[in-house]
Amino acid sequence: MIKKAHTLRRVAGTFVFIAAIVVSQFSGVQFAHAVSTDVWTGTAGDNNLATANNWAGNAVPVSGDTLSFSAISGGATKTLTNNLGAGVSLAGIIINGGATASITSYTINTLKFATGATIVSTGTDTTLTVSGAVTSAGSLSISDVTGGALTFSSTINTVGDFTVDGTNITLAGTVTIGGNGLLTGEYVNGKSFSIGGALNVTGNLTIAGINVNVTNTVTVTGNLTVTLGLYNSEVYTVGGTLTLGTASFYGTIYLANGSAITGIATVVNGTFNQTAAAAITLGGLVVDNGASAQLSTAPSYPMTFGSGASTAYPSLVYNTYTYNSQTQTSVYENLAISSAVTLLNNLSVSASGDATSGSVSFTGAITYNGFTISKSLGSSGKLLVGGTEIKNAAIATTYTGNLPQTNFSVAESETATLTGTRGQAQVYTGGILKGTGTLASSLYVSYGGTVSPGNSPGTLTVLQTLSMNAGSIYQAELLNAASYDQLQVGAQYTGSGHAVSLGFTTSLPTLNLVLYPGYSIKKGDAFTIIDNKSTTAVSGTFAGLAEGTQFVVGGITFNITYVGGDGNDVIVTALSAGTDPKGPNTSVAETIMANPATILVLGIATAGFLGFIATRRRANR
């Protein structure tokens, strides 16, 4: 027994010795509680984050904890004070969705995060506003894809990467990203992701998704990639390259005055826009197939057009003008491109202009590689290459058959004849629309475009609306009181506007009244050149032809009214008589000139008949 007790005393002494060693080794070390998610209750009522009784379990949050906030009874907004201390860096914030008669709405003065932290909103009725600075020791991620509001009123500063994915997020203060940035907008009920403060990125920046609104300067040390539409004109400073769009996503940007891209700007899919009169610098511009560049001043950088997966032509657009509000007229500018241009596909160029102004001129070196430069559909200005004006080749198109759901356009140097039925037609500068067919919807005639009904003369029918823009032309031929050109408009129009629109105030279309060969006009003859079948009044007039104006064509005096017929028709009435001095159109030469297609058909028929007679004679021999 004595020996056994002695042994137990020795064992106990050994344990005491070991315990003493452990205590001595870890003396002065403070053991933190395990990292956790702390749930806010607000029980203490002082709205301080450092008050233990405000948290479930009465534990004050420490570094590495995630704070969770839920619905507030009655829907009140709680304004909280982060007094956890400068040494506390959180792992994240969770804002949970509310319930009936409740709302999750909190305001916090400031937040400090550890690297890898996240801020997440999980409900459509959640609101978190951070009124002060947000800092992160490393990367920081913000997510709100359900539509709840996250607002950061002051600065955000991350040492590492910064990722945002959301639909109702506002970054109102300056955002400084120490690493790469990925900002993705989502769409929920028309809400948007707004960046109102300056954006400064040390690494690369990608702006993607939809509904991202940038309204301040953007500075990126690395590369900038945009795969959505940024429609506000801002100053972008990029130390690397700029890429707009991908094969699957469209990218658009507007560079304001002072923007500078050190590297190459490449438009893969989308539009590169230079704000009017903006002086910008680029390392070069590459516009892939199907993409577009809109310039406002002469580029000082080399440009390459073509390449990429699409087969559509790349395009260049120039639409700069000065508008005089008093005269309501525009003076278009001329763009001279002296920098080097390389074509890897055909280039389509659009320039806005009128008879006296507006052009795009290529004066520098062009590497064609077998491709061409041509005017695009609807281009109203001039295109010059090496001092030579480029016009599209003349073509004739005929539209037959009953296709009321199919629309068509008439391009420069194109004469389109409509004998069947189509839906809607747009006549661009230099295009001519003729025929006796029907448009089930509307007819739009742009500046420099011409509508000339019939096949000399005849009626073209538009069941809905006629819109003739400033500088467009209505060419109406008159033979006699029973035969003349007419536009019949609005038989099926039920809208609240106007079935017939002739320009706007002083920006008006032109009426070109033509006396057809063999004409015979009597005094008092009335010609309803626009038969307005709707119940709406005519909006506007033809240039220089206000209501009741008298004018002379071929020695015959006419007047014009826009309230004729049943009160809303456009009618010109002869106030004097006149006859073609050559007489009626009965001579062979005049008949051939007026109706070449008819004569061709008659010639073929006659040749066939003579051949038949010759065959009969041989057979009777």
What distance in nm separates the two pseudo spin-label positions at N213 and V39, each 7 Å out from Cα along the beta-carbon direction? 3.7
Among N319, L295, I177, the residue whose Cα sits farthest towards the positive end of the charge dipole of the chain (+1 at Cβ of Lys and Arg, -1 at Cβ of Asp and Glu, taken about the Cα centre) is I177
DSSP beta bridges in the chain, what fraction antiparallel, as a percent rounded to 5? 15
Could you list which residues have their amide H under 5 Å from that of I395, counting only those 5 or more apart in sequence or on another chain, with H placed in the peptide plane? E414, T415
When the Karplus curve 6.51 cos²θ - 1.76 cosθ + 1.60 is applied with θ = phi - 60°, which whole-Hz ³J(HN,Hα) does each residue of the range 57-62 get, with x for Gly and Pro? x, 6, 10, 6, x, 10
At R0 = 25 Å, FRET efficiency that the Cβ-Cβ distance of A396 and K582 yields, to 0.05: 0.35
If unit charges are put on Cβ atoms (+1 for Lys and Arg, -1 for Asp and Glu) and the dipole of the chain is taken about its Cα centre, the option from A52, G197, A76 lying farthest towards the positive end turns out to be A52
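Tell me, in nm to one decimal, what length is gained between N455 and S507 on full extension, where the rule is 0.36 nm per residue of separation less the Cα-Cα distance?
On the way: separation 52, 0.36 × 52 = 18.72 nm, distance 2.89 nm.
Additional length available on full extension: 15.8 nm.
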Measuring from label point to label point, each 7 Å out along Cα→Cβ, what is the T356 to Y231 span in nm? 3.4
Amide H contacts under 5 Å for E477, restricted to residues at least 5 apart in sequence or on another chain and with H modeled in the peptide plane, are D485, V514
For the range 446-580, the dipole about the Cα centre with charges only on Cβ (Lys and Arg +1, Asp and Glu -1), to the nearest 20 debye, works out at 60
Can you figure out the FRET efficiency of A260 with K522, using R₀ = 60 Å and their beta-carbon distance, to the nearest 0.05? 0.25
Taking only C-alpha pairs under 8 Å that are 6+ residues apart, what is the relative contact order of the chain in percent? 4
In the P(r) worked out for the range 360-432, what percent of Cα pairs fall beyond 15 Å? 61
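For the chain, what number of Lys pairs, 8 or more residues apart or on separate chains, have alpha-carbon atoms under 20 Å from each other?
Working: K78/K112; K375/K391; K382/K391; K522/K582; K523/K582.
Final tally of qualifying lysine pairs is 5.
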What do you reckon, how do F371, F527 stack up by accessible area (1.4 Å probe), largest on top? F371, F527
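In what sequence, highest mean first, do 275-285, 166-176, 252-262 appear when ranked by Cβ atoms within 10 angstrom?
Values: 275-285: 17.6, 166-176: 23.0, 252-262: 19.9.
Going by the mean number of other Cβ atoms within 10 Å, highest first, we get 166-176, 252-262, 275-285.
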On full extension of the chain, what length is gained from A482 through T557, given 0.36 nm per residue of separation minus the C-alpha to C-alpha distance? 25.1 nm
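From the protein chains alone at 1.4 Å, what is the descending order of accessible area for S105, S154, largest first?
Values: S105 10, S154 35 Å².
The most accessible residue leads, giving S154, S105.
Starting with the highest mean, order 211-218, 144-151 by the number of other Cβ atoms within 10 Å, averaged over the residues of each peptide. Before the final figure, lay out the partial values.
Values: 211-218: 18.5, 144-151: 21.0.
With the highest mean Cβ count within 10 Å placed first, the list reads 144-151, 211-218.
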Given only helices, namely DSSP H runs of n ≥ 4 each adding -39500 (n - 2.57), what is the per-residue ellipticity at 222 nm of the chain, to the nearest 500 deg cm²/dmol? -3000 deg cm²/dmol
Once both axes come from the Cα atoms, what is the angle between helix 596-620 and the longest principal axis of the chain, in degrees from 0 to 90, rounded to 10? 60
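To the nearest 20 debye, what charge dipole does the chain have about its Cα centre, counting +1 at the Cβ of each Lys and Arg and -1 at the Cβ of each Asp and Glu? Before the final figure, lay out the partial values.
Details: 20 positive and 24 negative charges, 310 e Å.
With Lys and Arg at +1 and Asp and Glu at -1, about 1500 debye.
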Taking a ≥ b ≥ c as the square roots of the Cα gyration tensor eigenvalues, with a/c under 1.5 meaning rounded and otherwise prolate when a/b beats b/c or oblate if not, the range 200-250 comes out oblate
Rounded to the nearest 0.05, FRET efficiency between A56 and T246 (Cβ-Cβ, R0 41 Å) equals 0.35
Any idea what diffusion coefficient the chain gets from Stokes-Einstein, in µm²/s, Kirkwood Rh on alpha carbon pairs, 4 °C, 1.567 mPa s? 42
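Considering only protein heavy atoms and a probe of 1.4 Å, how much of the accessible area of the chain is carbon and sulfur, as a whole percent? If you can, show how the numbers build up before the last one.
On the way: 15790 of 28140 Å².
Carbon and sulfur together cover 56 percent of it.
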Nearest 10, in degrees from 0 to 90: the angle of helix 2-25 to the longest Cα principal axis of the chain is 40
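With +1 assigned to the C-beta of every Lys and Arg and -1 to the C-beta of every Asp and Glu, and no other charges, what is the dipole magnitude of the range 506-578 about the Cα centre in debye, to the nearest 20? If you can, show how the numbers build up before the last one.
Values: 3 positive and 5 negative charges, 35 e Å.
It works out to roughly 160 debye.
Using 0.36 nm per residue of separation minus the Cα-Cα distance, give me the extension gain between A546 and Y301 in nm, one decimal.
Computed gain between A546 and Y301 is 83.2 nm.
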Run the simple label-point estimate for A365 and T388 please: 7 Å along Cα→C-beta, distance reported in nm. 2.1
Read phi for every residue in the range 203-216 and hand back ³J(HN,Hα) as whole Hz from Karplus 6.51 cos²θ - 1.76 cosθ + 1.60, θ = phi - 60°, with x for Gly and Pro. x, 9, 10, 10, 10, 9, x, 9, 6, 9, 10, 9, 10, 8
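The values are calculated or read from the model by the stated rules, or taken from the named source; none is laboratory data. Remember, it's a predicted structure, so these values are computed and weren't measured experimentally. Quick reminder, even Gly has a Cβ in these numbers, built from the backbone with ideal geometry, and neighbours come from all protein chains shown. What goes into the accessible areas is simple: the full protein's heavy atoms, side chains included, and nothing from ligands, DNA or RNA. Shrake-Rupley method; radii C 1.70, N 1.55, O 1.52, S 1.80 Å.
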